[in-house]
1. If r is the Cβ-Cβ distance from residue 116 to residue 40 and R0 is 30 Å, what FRET efficiency results, to the nearest 0.05?
2. Taking the Cα atoms only, what angle lies between the long axis of helix 119-130 and the longest principal axis of the chain, rounded to 10 degrees?
3. Report the extension gain between residue 8 and residue 131 in nm, rounded to one decimal, defined as 0.36 nm multiplied by the number of residues separating them, less their alpha carbon distance.
4. For the stretch 32-141, state which GluC sites (Glu not before Pro) are in a DSSP loop and have at most 12 other beta carbons lying within 10 Å of their beta carbon.
5. Could you check what % of the DSSP bridge pairs in the chain are antiparallel, to the nearest 5?
6. Based only on Cα atoms, what mean projected area does the convex hull of the stretch 1-106 have, in nm²?
Amino acid sequence: AERFGLIAGSPFIAFCQKKRPAANKSIVSATAGDSVKGRRVLMVDDMIDTGGSTIGAAKKFMADGATHVDVFATHAIFSDEAETRLAESGLRIFTTNSIPRPAAYAEKHKAWLTIIPVEELLAEAVYQASLIGGSVSKLSV
C-alpha cells in the first residue's frame, strides 16, 4: 500500500480493519493511519468477491471525511450479485482481466467498471523468469 501511494504521488496511507464473522460476510470496524478527511481515497485490494468489504470500507472512508473513493483490485470474482451492489454503490472499480469475461460484459458495466488487460505483462513475466539472468522485478512499476 505504501509503495502504491508513493507511485500515485501521495505520502498518505490509511487502512480499514475488517472482521469476518462468517464466509462472505464482513464488518468494517475501524480505520487507521493518516486522516482521509478532505482527501480522495484510492482503495487497493487483492480481490473483490461479493463486494461487501469493498462497499463497507468505502462507506467508512466517506464517513471519516473522504471526498471520493475509487477502488483498485487485482481479481474481480464478483459472486452473489456483486455487480448489482457495486453498480448501486456509486464506486468506480478498476480491476484486471485475470478472470476473463466477454467484451459484452465490460460494455454492460462500463459506467462503474474499468477492466485493465494484463496478459502481456504476465507473458513477459513468464518469459523473463525463463531466461538466464532474466528479471521479473524489472516489470514492477
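Any read-out appearing in this document is the output of simple, stated calculations on the displayed coordinates, not a laboratory observation. Just so it is clear, the structure is predicted and the values come from calculations on it, not from any experiment. With ideal geometry, Cβ positions are generated from the backbone for all residues, glycine too; neighbour counts draw on all protein chains shown.
1. My answer for the efficiency is 0.95.
2. Around 50 degrees separate the two axes.
3. On the way: separation 123, 0.36 × 123 = 44.28 nm, distance 3.11 nm.
Gain on stretching residue 8 to residue 131: 41.2 nm.
4. Working: sites: 81, 83, 88, 107, 119, 120, 124; in loops: 81.
Here the sparse-neighbourhood loop sites are 81.
5. Details: 7 of 23 bridges.
Taking every DSSP beta bridge with both residues in the chain, the antiparallel ones total about 30 percent.
6. Numbers: hull surface 28.1 nm².
Mean projected area for the stretch 1-106: 7.0 nm², to one decimal.
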